[in-house]
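The values are calculated or read from the model by the stated rules, or taken from the named source; none is laboratory data. For clarity, every value in this text was computed on a predicted model and none was experimentally measured. Cβ atoms come from the backbone with ideal geometry, glycine included; neighbour counts cover every protein chain shown.
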């Protein structure tokens, strides 16, 4: 595994547009990105039609287009990647729902109105996280880092410049608020 200063240096170089640094960064963090993608898809399958590799590569493309502006180190990068992957899955579910609606409309079929249960769940969780963001954006970041990126309390604390105790409290609070929103 690369040391933190290597990754931080590569992120800085990637922000400056150095494609070689970007390629090295992606290669170094590829196993971590696959782990995040695999966890994300395990929660979403079979509703996305994506596999781990496809999700990692789509996330890479979005991160590349964004120019790494929101990341300063490995923890920030992985947190941003987790958020990006969540966005990709939610976007895909929404697009599939719209495509089904267009087919029904084009063929004058009745609107059954209901999404498949798994897709509905993905959208419900996304909506609950949007509601949580109105309470605290930091709580959403803790959820994304812990639940979607599989980061531990120490990594989250470092990424958000918090104490581990604060991260534990935020995680507990977020779980309570999300459980209430999902009822």
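Go over the candidates 104, 86, 74 one by one and state the one that is modelled with pLDDT under 80 and either surrounded by 10 or more Cβ atoms within 10 Å (Cβ to Cβ) or touching a helix residue (DSSP H, G or I) at 6+ places or on another chain (Cβ under 9 Å) (or both).
Working: 86 fails: modelled with pLDDT under 80; 74 fails: modelled with pLDDT under 80.
Criteria check complete, one pass: 104.
For segment 128-163, enumerate the residues that are within 21 Å of residue 94 (Cα to Cα) and in contact (Cβ under 8 Å) with a residue 40 or more places away in the chain.
Hits for segment 128-163 are 128, 129, 131, 132, 144, 148.
Among the residues of segment 37-51, is there at least one that is farther than 30 Å from residue 20 by Cα, outside any loop (DSSP other than H, G, I, E, B) and either in contact with a strand residue (DSSP E or B) (Cβ under 7 Å, 6 or more places away or on another chain) or at pLDDT 75 or above (or both)?
Initially, segment 37-51 is screened for residues farther than 30 Å from residue 20 by Cα, giving 42-49.
Narrowing further to those that are outside any loop (DSSP other than H, G, I, E, B): 42-44.
Subset that is either in contact with a strand residue (DSSP E or B) (Cβ under 7 Å, 6 or more places away or on another chain) or at pLDDT 75 or above (or both): 42.
So far as segment 37-51 goes, yes, one or more of its residues are farther than 30 Å from residue 20 by Cα, outside any loop (DSSP other than H, G, I, E, B) and either in contact with a strand residue (DSSP E or B) (Cβ under 7 Å, 6 or more places away or on another chain) or at pLDDT 75 or above (or both).
Every residue in segment 125-142 that is at pLDDT below 90 and over 15 Å from the mean Cα position of the chain (by Cα), please.
none
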